[in-house]
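Asker: The structure follows.
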Amino acid sequence: MGIYSPLTDLMANADLGGKTVLYMLDAIICAPSEGAFITGKNAKWQQSPFNGNYTSSIFVSQDPVAIDSVGADFLINEPTIIENNYAAKDISSENYLHEAGLVTNAPSDTIYTDNQGNNVLNLGVHEHWNNSYEKLYSRNLGKNKGIELIRIND
């Protein structure tokens, strides 16, 4: 934590993050780790709302930090992932989210630019849900700023 992040630099880049309008996170079927064979046992999630089924989900957002924050919350709270992926237990994997969410005062003291000489002022919102049962973020809790997780279909 608190080190320069190339992922944050990519989000800040005017030709990459600066031109992206919509971010999508494919969670149709989630492998427990990179390169893992997908089986019913290791790809069916235990946590609600999946309850022993495949994730069958797609997340969308206009905020690259928020979508990765939500994805991280699901991953680090899923027993199927934690049991099969050591990296999911490593909180330092969120370094880039801390750097991006606090880009004007990054923990690493890095000054992120858009690769065109301009300092980046905002890349998005990083926060965690209130708990893994309710899965509520700031806007779900009535605040005017922050992440809102909307469930479209059961």
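Asker: At a Cα cut-off below 15 Å, give the aspartates and glutamates reachable from residue 143, other chains included and same-chain residues fewer than 8 away excluded.
Answerer: Result set, ordered by chain and number: 127.
Asker: Just grab the label-to-label distance for residue 110 and residue 128, each label 7 Å out from Cα along the Cβ direction, in nm (one decimal).
Answerer: 2.2
Asker: Let me see the pair-distance distribution of the range 8-58: every alpha carbon pair, 10 Å bin width, integer percents in order.
Answerer: Bin by bin from 0 Å, the calculated values are 23, 33, 23, 20, 1.
Asker: Sorted by packing (mean other beta-carbon atoms within 10 Å per residue), highest first, where do 118-125, 104-111 land? Don't skip to the end; give the middle numbers.
Answerer: Numbers: 118-125: 16.2, 104-111: 12.6.
The most tightly packed comes first, giving 118-125, 104-111.
Asker: Under unit Cβ charges (Lys, Arg +1; Asp, Glu -1), what dipole magnitude, rounded to 20 debye, does the range 46-154 have relative to its Cα centre? List each step's numbers first, then the result.
Answerer: Details: 6 positive and 14 negative charges, 62 e Å.
Dipole magnitude for the range 46-154 comes out near 300 debye.
Asker: Here's another thing I want to ask about it. Evaluated at 10 °C with a viscosity of 1.306 mPa s, what Stokes-Einstein diffusion coefficient in µm²/s does the range 72-154 have when Rh comes from the Kirkwood expression over alpha-carbon pairs? Walk me through the intermediate numbers first.
Answerer: Working: Rh = 14.9 Å.
Answer from the Stokes-Einstein relation: 107 µm²/s.
Asker: Compute the semi-axes of the equivalent ellipsoid of the chain, taking the square root of 5 times each eigenvalue of the Cα gyration tensor, and list them largest first in whole Å. Write out the running numbers ahead of the final one.
Answerer: Values: eigenvalues 158, 63, 42 Å².
Output for the chain: semi-axes of 28, 18, 15 Å.
Asker: I'd like the orientation of helix 64-76 relative to the chain: the angle between its Cα long axis and the longest Cα principal axis, in ° from 0 to 90, rounded to 10.
Answerer: Helix 64-76 sits roughly 30 degrees off the main axis of the chain.
Asker: If I stretch the segment between residue 139 and residue 90 completely, what's the gain in nm (0.36 nm per residue apart, minus their alpha carbon distance), one decimal?
Answerer: On the way: separation 49, 0.36 × 49 = 17.64 nm, distance 2.73 nm.
Difference between extended and current length: 14.9 nm.
Asker: State the answer as a single residue: which of 51, 35, 107 lies farthest towards the positive end of the charge dipole of the range 1-112, with beta carbon charges of +1 for Lys and Arg and -1 for Asp and Glu, about the Cα centre.
Answerer: Toward the positive end, the furthest listed residue is 51.
Asker: Within straight cross-link reach of residue 89, meaning Cα distance under 13 Å, which aspartates and glutamates are found once same-chain residues fewer than 8 apart are removed?
Answerer: Once the sequence-local aspartates and glutamates are set aside, what remains near residue 89 is 73, 78.
Asker: Another question, then. Based on DSSP H runs of at least 4 residues, each adding -39500 (n - 2.57), what is the mean residue ellipticity at 222 nm of the chain after dividing by all its residues, to the nearest 500 deg cm²/dmol?
Answerer: On the way: 5 runs with 37 residues, N = 154.
After summing the helix terms and dividing by the residues of the chain, the value is -6000 deg cm²/dmol.
Any read-out appearing in this document is the output of simple, stated calculations on the displayed coordinates, not a laboratory observation. The structure displayed is predicted, hence computed values, not measured ones. All Cβ positions, even for glycine, are placed from backbone atoms using ideal geometry, and neighbour counts span all protein chains on display.
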